[in-house]
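Throughout, read-outs are computed from the coordinates displayed, never taken from laboratory work. From a predicted model like this one, the values you see are computed outputs, not experimental measurements. Cβ: placed from backbone, ideal geometry, glycine included. Neighbour counts: every protein chain shown.
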Amino acid sequence: MRAVLAVLFTALSALASDADGRITALVGGTVIDGTGAEPLPDALVLIDGTRIAAVGPRSTTAAPGGARVIDTRGKWIIPGLIDAHIHFFQSGGLYTRPDIIDLRGVRSYADESASIRRRLPVTLARYLASGVTSVVDVGGPYSNFAVRALARRTLLAPRVAVAGPLLGTYAPEELESEDPPVIRVASPEAARALVRRELAYKPDLVKLWLVERLGLDLAAELDWARAAIEESHAAGVRVVAHATQRETARAAVLAGVDVLAHSVQDRRVDDAFVALLKARNVVYTTTFAVAEGYHEVLSQSVELSDIERRLGDPEAIASFAELGALPFGKVPFWVRLQPPPNQRVAFANLRRLQAAGVAIAAGSDAGNIGTLHGPALHRELELMAEAGLAPMEIIVAATHGGARVMGRESELGTIEAGKLADLVVLDADPLADIRNTRRIYRVVKGGVVLDPEDVLAAALKSQ
Ligand SMILES: [Zn+2]
């Protein structure tokens, strides 16, 4: 009877969702702290209010009397996951990027955007339920700042860092609206003015969209890019760049960007590139999942994982199959001719940069067609393993690495005394198989212990 009561008490404690300053002790789990240090078995993690008060072996770390005890024996505790590259202005569904596949004749972009805004509270909850306690929205319309404000008001959301509109080498006319996600920059003066406008909203990052297109004069583009970087840095705001080709990425880093938003995909990185990233302390973000997402939807060969089925947006998922049902003539001719993505070069580049000690962050580019808000990060981690990274390296990238992109590594991304208590408690060992990050027992955000099932259910109920 006593044992039954103890189990019941533990379960109830774990379900409690208050951070009223009481002390919570996670007792007996194996801690993987996000620094890359050896896992600590039979550990005790002490949470005081919103922060981690202590972490150490259970034999030497005591929980004070009256602490709420959560039994984590047989569990693994990692820092809250961070998706370092997402976009809230995109749904993950079929109609979300008319500049890539134009189906505005089927669903207007205004309709798509309105639907995305309506579903935001639930979209935020999908992240938290997926164990993702922080995300970086790497660029979108000014409404991004409202998303960050919304996330701050609710418990059922990850922490959100945002960039404003992408300052771009072109602006797709298909995405035009009163509040466009991309703005074409014409001159260094225009770049400075655009950055100053954004600074009023206190962006976490400024985003440059250096999209390589035929006939692009990169040198001219770099003139305004340097001006934008200078203006941002003068205000203490770091800059992230989309640059997927090696030479564009190199030029962006030389111009002063702090974060690369994607892997280099076209050519192998060289010694000088590796040394440059190290010397400049640049964080390199992976984004492997997005190419696969596009391919699966466009070629109508979608394969959803269990966590995608459980936590992915059903409306986005339902939209995937609508492509196959569209009449001939509605679908651009090239769509079905897309070969599967070849990530061999990008995978090799990740291995090389990781081996050289360059800071890596895991980012899925969720919101793009086929890349689902929330669960997409787990697929990203699996692809990083396919690229050849060890589970420990992947966990560090998906926690500490993401905190570096956010500029918040002093308080997020690792399990250390003094840091915010953002944690994921897993039912299985992620070092044995990185896919075990999907086996989520509890999510802890700012010291509040949550059952992932409850997170999504509560958000759906309050919709
Ligand atoms: Zn992106």
Sequence-distant residues sharing a close amide H with residue 206 (under 5 Å, placed H): 238, 239, 240
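Can you give the relative contact order of the chain as a percent, counting alpha carbon pairs under 8 Å and 6+ residues apart? Mind dumping the intermediate values first?
Values: 1061 pairs, mean separation 105.3, N = 463.
Relative contact order of the chain: 23 percent.
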Amide H contacts under 5 Å for residue 168, placed H, 5+ residues apart: 183, 184, 185, 209
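Taking square-rooted eigenvalues a ≥ b ≥ c of the alpha carbon gyration tensor, is the range 81-406 rounded, prolate or oblate, where a/c under 1.5 means rounded and, failing that, a/b exceeding b/c means prolate? Write out the running numbers ahead of the final one.
Numbers: a/c = 1.30, a/b = 1.18, b/c = 1.10.
It is rounded, given that a/c, with a ≥ b ≥ c, falls under 1.5.
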Among beta bridges that DSSP assigns inside the chain, antiparallel share in %, nearest 5: 40 percent
In sequence order, calculated HN-Hα J values of the range 176-193 (Karplus, 6.51, -1.76, 1.60; Hz; x Gly/Pro): 4, 6, 5, 10, x, x, 10, 10, 6, 9, 9, 7, x, 5, 5, 4, 4, 5
From phi via Karplus (6.51, -1.76, 1.60), per-residue ³J(HN,Hα) for the range 260-266 in Hz, x at Gly/Pro: 9, 7, 9, 5, 7, 10, 8
Estimated distance in nm for a label pair at residue 432 and residue 309, the labels positioned 7 Å out from Cα along Cα-to-Cβ: 2.3 nm
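Tell me the mean residue ellipticity at 222 nm calculated for the chain from its helices only (DSSP H runs of n ≥ 4, each -39500 (n - 2.57), averaged over every residue, nearest 500). Intermediate values should be presented prior to the final figure.
Values: 16 runs with 167 residues, N = 463.
It lands at -10500 deg cm²/dmol.
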Amide N proximity, the range 261-283 versus residue 345 label position 7 Å along Cα-to-Cβ, cut-off under 20 Å: 261-277
Placed amide H near residue 58: partners under 5 Å, 5+ positions off or other chain: 43, 44
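Could you put 320, 88 in order, starting from the residue whose Cβ has the fewest other Cβ atoms within 10 Å? Numbers along the way, then the final one.
Details: 320 20, 88 26.
Fewest-to-most ranking of 320, 88: 320, 88.
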Shape call, the range 195-290: gyration tensor on alpha carbons, a/c limit 1.5: prolate
Residue-wise HN-Hα coupling along the range 333-348, computed from phi with Karplus coefficients 6.51, -1.76, 1.60 (Hz; x: Gly, Pro): 4, 6, 4, 7, 9, 5, x, x, x, 9, 9, 4, 5, 4, 5, 4
27 Å Cα cut-off, lysine pairs counted over the chain (separation 8 or more, or different chains): 8
